[in-house]
1. With under 25 Å from residue 279 (Cβ atoms), under 20 Å from the mean Cα position of the chain (by Cα) and assigned to a strand (DSSP E or B) as the only criterion, which of 230, 190, 204 stands out?
2. Among what's in region 350-366 and is among the acidic types (Asp, Glu) and either loosely packed, with under 13 Cβ neighbours inside 10 Å or not assigned by TED's automatic domain parsing to the domain that holds residue 311 (or both), pick the residue that is farthest from residue 378 (Cα to Cα).
3. Only one of 136, 159, 152 is touching a residue at least 12 places away in the same chain (Cβ under 8 Å) and among the polar types (S, T, N, Q). Can you tell me which?
4. Which members of region 263-285 meet the condition of being of a type in the set (A, V, I, L, M, F, W, C), part of a loop (DSSP other than H, G, I, E, B) and under 20 Å from residue 166 (Cα atoms)?
5. So in region 326-349, with the set limited to residues that are buried (at least 17 other Cβ atoms within 10 Å of the Cβ) and touching a residue at least 60 places away in the same chain (Cβ under 8 Å), which one is nearest to residue 297 (Cα to Cα)?
6. Which residue, of 191, 173, is out of contact with any Pro (no Cβ under 9 Å at 6 or more places or on another chain) and within 17 Å of residue 265 (Cβ to Cβ)?
Amino acid sequence: MKRSDFLQALLCAAPAIAIMTAGCSKVEETTEYSVVPEPADSLSSNTDADIDDSRYIYSQLSDKEKKYYDIIRDAALNFEDRAVFPEALDPELLRKLYISVYYQEEDIFWLSSMFYRPASESDSLMLSYRFSKEESGKLQAEINAKTAEIFSSFDDNTSDYQKLKCFHDQLVLNCTFSMDTDYVNTVYGALCDGYAQCEGYAFAFDYLCKAAGIDCFTLSGTNSEGALHAWNVVKLDGMWYNVDCTWDDPILSPVDEDFVRYYYFLAADSDISGVTHFPDNTYYSYPICSSDENYYKREGYLASSADEGISLLAKAMSDALSCGRKDAAVRFSDEKAYKDAASRLFDFGEIKQAFKLANDSSDVKVTDRKYVRYLNDDELIIHISMLYE
């Protein structure tokens, strides 16, 4: 369950609401060897030339490690039962390489998370797969079709920011957190099946970014309670940002399929790192993620005073209604302004004026008698979920 102390759901004359999630999976380890699939022809046309040394994680490997990374990757592409190396490698190095391939080659979605750790140095590593080559080919066709559908809405004027927001919304609005299918830790699960754990969300966002030529990688770690978690780091306009589609897609009770938020879209390290998200830095260092151009600043919903925040919340509500949405939020750059605005809105009733301004500017009307409010004290966000009359 997500920390109740960093996101408080408050209700105004509406049914109670709960926000939940669960721990995600990781690369599992075993020293037991078992039966593996027969080798098959390569499903993918990727070659060594497709590996870009500028990729953030891959670029941190030594030349020798890159060579062995490529061997594991190519073996997995071909559904081979083992990756064979020109020399015996230490089990810990094999673990590092396997984890690297598993998290950075999200398009090899058929590769199992199971790492078969040799008892001593070994010149080979056993591989196992979630799906057969035949099934993987069918799933890949669906992934290709869904990707083409998403990209069909873009034109030459679509910015990278707009593409990232589209990818985020696609996953938040069309995927549900689940642990109950065979696809939840894959691109296919999040993008096509509609059910995924955090790995699936992160892999799918990574997959779409790379298809769009946007630098991105999947980062694994834990949340503040020690539960396993995965999210993304993406590069936009020369700056790095955190993106967590899973946590922007909470499980609500009652269910709200149209709910979308941007608390963890283009988030800075100062917002989440060491607060709600704890990266695993066992093998790698990560770029510093900026707060210069977060979602709220880019969209014009970042306030420096209580007066400005209340005005911007009314504008955000009006903007949402004009687009057929019902969720609106404003972020504050100052904690005092955030607390003052929250008090004025909800203790002294100024939220009614915000509703009036939103309704006056929209043909669609919402009621100020029933709505849900969220206060994110960590990121200083006031969020309103409106109900249509």
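1. The conditions single out 230.
2. So the residue we want is 363.
3. 136
4. Applying the first criterion (of a type in the set (A, V, I, L, M, F, W, C)) to region 263-285 yields 265-268, 272, 275, 278.
Then keep just the ones that are part of a loop (DSSP other than H, G, I, E, B); that gives 268, 275.
Hit for region 263-285 is 268, nothing else.
5. 329
6. On the way: 191 fails: within 17 Å of residue 265 (Cβ to Cβ).
Only one candidate passes the filter, namely 173.
Rundown of residues vs (1) touching a Gly at 6+ places or on another chain (Cβ under 9 Å); (2) among the small types (Gly, Ala, Ser); (3) over 26 Å from residue 142 (Cα atoms), yes/no style:
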{"residue": "181", "(1), (2), (3)": "yes, no, no"}
{"residue": "192", "(1), (2), (3)": "no, no, no"}
{"residue": "202", "(1), (2), (3)": "no, yes, no"}
{"residue": "209", "(1), (2), (3)": "no, no, no"}
{"residue": "256", "(1), (2), (3)": "no, no, yes"}
{"residue": "271", "(1), (2), (3)": "no, no, yes"}
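Conditions tested, residue by residue: (1) assigned by TED's automatic domain parsing to the domain that holds residue 348; (2) among the charged types (D, E, K, R); (3) at pLDDT 95 or above.
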{"position": "294", "(1), (2), (3)": "no, no, no"}
{"position": "305", "(1), (2), (3)": "yes, no, yes"}
{"position": "312", "(1), (2), (3)": "yes, no, yes"}
{"position": "322", "(1), (2), (3)": "yes, no, no"}
{"position": "329", "(1), (2), (3)": "yes, no, yes"}
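The values are calculated or read from the model by the stated rules, or taken from the named source; none is laboratory data. The model shown is predicted, which means the values in this text are computed figures rather than measured ones. Note: ideal-geometry Cβ built from the backbone for every residue, glycine included; neighbour counts use all protein chains shown.
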